[in-house]
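Q: Below you will find the structure I want to go over with you.
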Amino acid sequence: MNKPRIIFSSALAAIITNAFIVIITVWAELSAPLKDWLKNFSGHHWTSKSIFSFLLFMIIAALLYFLSSQSGENRLKRILIFLLISIVLGVIIITAFYTGHHFQLF
Amino acid sequence: MDIIAFLQSKPVLIGFHLGFAIIGIDAFLWLFGKFKNPGDSRRSRIITAAIGVAAFIASWFIGGYYYVVYYGALVKPIIKSGFAPWAHNIAMETKEHIFLFIFPLAMTVLAVTLLDKKELEQFKLRRLVLWLSGAVAGLGLLIGALGFIISAAARWG
């Protein structure tokens, strides 16, 4: 078990998953066909987003771990800082988007 | 009322959703303390993080069931027709989506707990892992505060 590679794979997969959640959330609010597709996939758009985000994280983390040849030791600190930044940005973007949407700014 | 019907009732679902979320938040706050205290073992950090991840998964499933089955049909119309429709449009929409950030973040913190004290020092992650554990707990608390706003809006219109 390569511990640095597990952490690196998980952190990068988390960043990609966070980006996916933000993009699919904003896109689905602005595109009725996409939101309908998400609803039809599982019965509820949020359930579909939950399933896709879970699968995306697990699959990307596993792929990165098994396919990467580098241990990731030197990149651990940087990737974890990017993960923290992605969380803060994700919360800000989603909050700002729904606030703007409520006040019909877009 | 059989046990399945009891478990599927709205107050029980809300109680378990909140209860598991509190266990998850507390576990990551506890983990924060464990990372601050150099004397704590790697095994105890792994167990604490695993309890936190499991609790957040349980909260995700139970809250999701309540949200999909009851919230849209019973609670959302009350909030949308009341004096604070923003409680759904902003607070609920934000809450349900930022909740999805918790699982990947918590899993990554769980992965970091695999490192022993020496490796944490070697990779210079001691301070960063405090931020990461705090971020999981902070995100959970933010989601809890949004939940309070939504419940208040539903109760008082």
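Only the coordinates and a few stated rules stand behind these numbers; no lab work does. Computed from a predicted model, the values in this text were never measured in an experiment. Positions of Cβ are backbone-derived with ideal geometry, glycine not excepted, and every protein chain shown enters the neighbour counts.
Q: Taking the Cα of A:V88, stepping 7 Å toward and past its beta carbon, and measuring to each backbone N in region B:122-157: which are under 13 Å?
A: In region B:122-157, the label zone of A:V88 (backbone N under 13 Å from the point 7 Å along Cα→Cβ) covers B:131-132, B:135.
Q: Based on alpha-carbon positions alone, could you give the equivalent ellipsoid semi-axes of region A:3-102 from the gyration tensor, as √(5λ), descending, whole Å?
A: Ellipsoid semi-axes (Å, largest first): 29, 17, 8.
Q: Can you tell me the relative contact order of chain A? Whole percent, Cα pairs under 8 Å, sequence separation 6 or more.
A: 44 percent
Q: Quick one: the Cα spread of region B:112-157 along its three principal axes, in angstroms, biggest first?
A: That works out to 55, 15, 8 Å along the principal axes.
Q: Additional query: Is there a pair in B:K36/B:K117; A:K3/B:K118; A:K3/A:K49; A:K77/B:K118; B:K36/B:K118; B:K34/B:K117 whose C-alpha atoms are over 18 Å apart, and which pairs would that be?
A: A:K3/A:K49
Q: Here is a follow-up. How are the Cα pair distances of the protein assembly as shown distributed, in percent, across 10 Å bins from 0?
A: With a bin width of 10 Å, the distribution comes to 7, 29, 34, 20, 9, 1.
Q: Still on this structure, please answer the following. Angle check, please: helix A:3-30 long axis (alpha carbons) against the longest principal axis of chain A (alpha carbons), in degrees 0 to 90, nearest 10.
A: Value to nearest ten degrees: 10.
Q: A follow-up question, please. Just subtract the alpha-carbon distance of B:K118 and B:L141 from 0.36 nm times their residue separation and send over the number in nm, one decimal. Mind dumping the intermediate values first?
A: Details: separation 23, 0.36 × 23 = 8.28 nm, distance 3.13 nm.
Result for the pair: 5.1 nm of gain on full extension.
Q: Is the shape of region B:16-155 rounded, prolate or oblate, going by the alpha carbon gyration tensor and its root eigenvalues a ≥ b ≥ c, with a/c under 1.5 for rounded and a/b larger than b/c for prolate?
A: It is prolate, given that a/c is not under 1.5 and a/b is the larger ratio.
Q: Then there is this: What residue among A:S42, A:S53, A:S69 shows peak mean-square fluctuation when chain A is described by a Gaussian network model with Cα springs under 10 Å?
A: A:S69
Q: Per DSSP H run of at least 4 residues, take -39500 (n - 2.57); add these up for chain A, divide by its residues and hand me the 222 nm value, nearest 500 deg cm²/dmol.
A: Helix contribution divided over all residues of chain A: -29500 deg cm²/dmol.
Q: Treating only the Cβ of Lys, Arg, Asp and Glu as charged (+1, +1, -1, -1), what charge dipole size does the protein assembly as shown show about its Cα centre? Round to the nearest 20 debye. Before the final figure, lay out each step's value.
A: On the way: 23 positive and 11 negative charges, 135 e Å.
Value, rounded to 20: 640 debye.
Q: Follow-up question, since we're still on this one. Among A:E29, B:E121, B:E96, what is the fewest-to-most ranking by other Cβ atoms within 10 Å?
A: B:E121, A:E29, B:E96
Q: Related question: Quick one, could you list the DSSP H helices from chain B stretching 27 Å or more along their long axis (Cα atoms) with average Kyte-Doolittle hydropathy of -1.0 or above?
A: Values: long enough: B:10-36 (39 Å, 1.20); B:42-66 (36 Å, 0.83); B:126-156 (45 Å, 1.39).
Helices meeting the criterion: B:10-36, B:42-66, B:126-156.
Q: How long is the gain from B:K36 to B:A54 if the chain were fully straight, where each residue apart is worth 0.36 nm and the alpha carbon distance is subtracted? Write out the running numbers ahead of the final one.
A: Details: separation 18, 0.36 × 18 = 6.48 nm, distance 2.27 nm.
Full-extension gain reported as 4.2 nm.
Q: I would also like to ask the following. Among B:F61, B:F83, B:F20, which comes first, second and so on when ranked by fewest other beta-carbon atoms within 10 Å?
A: With the fewest neighbours first, B:F61, B:F83, B:F20 line up as B:F83, B:F61, B:F20.
Q: How high is the relative contact order of chain B, in percent, counting Cα pairs under 8 Å that sit 6 or more residues apart?
A: For chain B, the relative contact order is 34 percent.
Q: Zone of B:A152 (label point 7 Å along Cα→Cβ, backbone N under 19 Å): which residues in region B:91-111?
A: B:91-96
Q: Moving on to the next point. Working out 0.36 nm times the residue gap between A:I81 and A:I51, then minus their Cα-Cα distance, what length gain in nm do you get to one decimal?
A: 8.2 nm
Q: I've got another one for you. Using the 10 angstrom Cβ neighbour count as an exposure proxy, how do B:V75, B:V129, A:V88 rank, fewest first?
A: Numbers: B:V75 19, B:V129 22, A:V88 11.
Going from least to most buried by this count: A:V88, B:V75, B:V129.
Q: Next question, about the same structure. What nm value, rounded to one decimal, do you get for the distance between A:W37 and B:K10 when each label is placed 7 Å out toward the C-beta?
A: Modelled inter-label distance: 3.5 nm.
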